[in-house]
Structures are given as structure tokens and as C-alpha cells.
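In what follows, a single structure is set out as C-alpha cells and then discussed.
The values are calculated or read from the model by the stated rules, or taken from the named source; none is laboratory data. Since the structure is predicted, the reported quantities are computational estimates derived from the model, not experimental observations. Neighbour counts run over all protein chains shown; Cβ positions are idealised from the backbone, glycine included. Surface areas here come from the heavy atoms of the whole protein model, side chains and all, with no ligands, DNA or RNA. Shrake-Rupley method; radii C 1.70, N 1.55, O 1.52, S 1.80 Å.
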Amino acid sequence: ETGVTQTPRHLVMGMTNKKSLKCEQHLGHNAMYWYKQSAKKPLELMFVYNFKEQTENNSVPSRFSPECPNSSHLFLHLHTLQPEDSALYLCASSFSLWGEGKNIQYFGAGTRLSVL
Amino acid sequence: AQSVTQPDIHITVSEGASLELRCNYSYGATPYLFWYVQSPGQGLQLLLKYFSGDTLVQGIKGFEAEFKRSQSSFNLRKPSVHWSDAAEYFCAVGSTSGTYKYIFGTGTRLKVLA
């Protein structure tokens, strides 16, 4: 298997539930990203991890909790979400080095989240 | 601040017609530039990229894009559109100054008429 794999593809949860999104990459990359894609809005970068260390948190509410146990896996733990959190959550990965050809991001198919 | 503008939210073309999707960016230097495509229910797939050199870049699926520094543009083109090209297209700017963050445009949704 190659590329970036996200599970589950669809998730429906209540506002009091706790769930987790999973992302796995088989590209040998060192950096991983969570994006939120809502209708009629640009992709919003949520978190960036580089060599398992969080390097970016774009003022994301604490009800979203990322975890990166190694360079191949990234999780997004969800709890007490709001209906406005319903969106497509995309994971991406890249090499951590910058320069030509190094910072191309490869995306997973996303998890479609619906919060009731 | 860096920004990317895709002025067309929706574009409709007939199958076989030519296509041009517009992208303008704001950046202090020559950035890295990308076009991605997203089919319904899917993630983003890289169509093509510009880092340096020849300003006309070729991508997958018959797409090309031209970097015009004077216009701060990176427009995507295809000479003959196929029904399977119906999707959403995103332009993105990547920093060249030591960070690997992207700034994405809001996307252009392409509809193809048979």
C-alpha cells in the first residue's frame, strides 16, 4: 500500500462523543498535517508535525487534540464537538526539508465528519 | 502576508472546449506554486508544480500552467476538456523561506457539459 490513508472515511458523532481520526502515510515523509475543509472556505491548516514534534497549531480549539506517535501516523482526537465542526478533515504529508521538490504535500482522501 | 486568489468560484465549459482557471498570488518573492484537483469525495491530487526555470509547466491529465511573474499569476490551462475533468481545482502557494506551509485559494468548481 502506498500514499496517504485516512480512516474512517465517514464519521457521524454526537456532541458528547469522543472519537479519533487516523492518518497513515507510506511515503517515507517526516512531516504530517491536518487540514479542515468546510464548504465555501479555503482549506484551513490546523496542525503540523515535523519528526513527531508539533510545529504549528493555528489557534485550533482544544476539543481537537492531535497526536503523532511516529512519522508515519497521525491522529486527531475529537471530544465535545460542535455542529460547526462538521467538515472534511484532510491529512497530508511531505518531506520536512524545504527546497525544490522537497515540500510537495500529498493528501489522503479525507474523513467526512458530521456532528449532530 | 501571503495570499492566493481564485476569482472564479464556478466555471462551466462544454466537453472538448478549452479551459483556463485563474490564480493570482501575493508573495514577497517567487514562491513555489501548485495546482491540485479534488474529485467529489476525494482528497487533493497534485496536478502540477512550479519551483523555478521554465515558466510553462506540464502536469498530469493534459494540464499545463504558466507562471507570469509580472502578473503574479499561475493560470491552469487545458486545450480540450473531458467530462472526467469535472472537479474542484485549488491553487496553492508554498513558501521558499524555510517553512513548508501552503496557502490555498478558495477553489474553482468546474462543470463540464456533454
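Which entries of A:18/B:111; A:19/B:61; A:36/B:61; A:19/B:49; A:36/B:111; A:22/B:68 have Cα-Cα distances beyond 30 Å here?
Violating the 30 Å limit, Cα to Cα: A:18/B:111; A:19/B:61; A:19/B:49; A:22/B:68.
Residue B:54 versus residue B:80, label points 7 Å from Cα toward the beta carbon: distance in nm?
If labels sit at residue B:54 and residue B:80, their model points lie 2.2 nm apart.
Considering the convex hull of the alpha carbon atoms of chain A, report its projected area averaged over all viewing directions, in nm², one decimal.
Spelled out: convex hull of the Cα atoms, projected over all directions, averaged, 7.1 nm².
Work the Kirkwood hydrodynamic radius out for chain B: mean of 1/r over every pair of different alpha-carbon atoms, inverted, in Å.
Its Kirkwood hydrodynamic radius stands at 14.2 Å.
Hey, rough spin-label estimate for residue B:109 and residue A:62, points 7 angstrom out along Cα→Cβ, what's it come to in nanometres?
With each label placed 7 Å out from Cα toward Cβ, I get 3.7 nm.
Report, as an integer, the average count of C-beta atoms from other chains found within 10 Å of each Cβ along B:36-48.
That average works out to 4.
Take peptide A:34-47, look around each residue's Cβ out to 10 angstrom, count Cβ atoms belonging to other protein chains, and average those counts.
Average per residue, whole number: 3.
Excluding ligands, DNA and RNA, what is the solvent-accessible area per residue of chain B at a probe of 1.4 Å, expressed in Å²?
On a per-residue basis, chain B sits at 46 Å².
With the full set of protein chains in place, find how many percent of the accessible area of chain A is carbon and sulfur; take the probe as 1.4 Å.
For chain A, the apolar C and S fraction of the accessible surface comes to 51 percent.
Report, as an integer, the average count of C-beta atoms from other chains found within 10 Å of each Cβ along B:106-114.
Partner Cβ neighbours, averaged per residue: 1.
At R0 = 35 Å, how high is the FRET efficiency between residue A:39 and residue B:66 if r is their beta carbon distance? Nearest 0.05 is fine.
0.70
Counting pairs of alpha carbon atoms under 8 Å apart in space and at least six apart in sequence, what relative contact order in percent does the stretch A:1-108 give?
Relative contact order comes out at 33 percent.
Compare the peptides A:5-13, A:18-26, A:30-38 by average per-residue count of other Cβ atoms within 10 angstrom and give them in order, highest first.
Highest-to-lowest ranking by the protection proxy: A:30-38, A:18-26, A:5-13.
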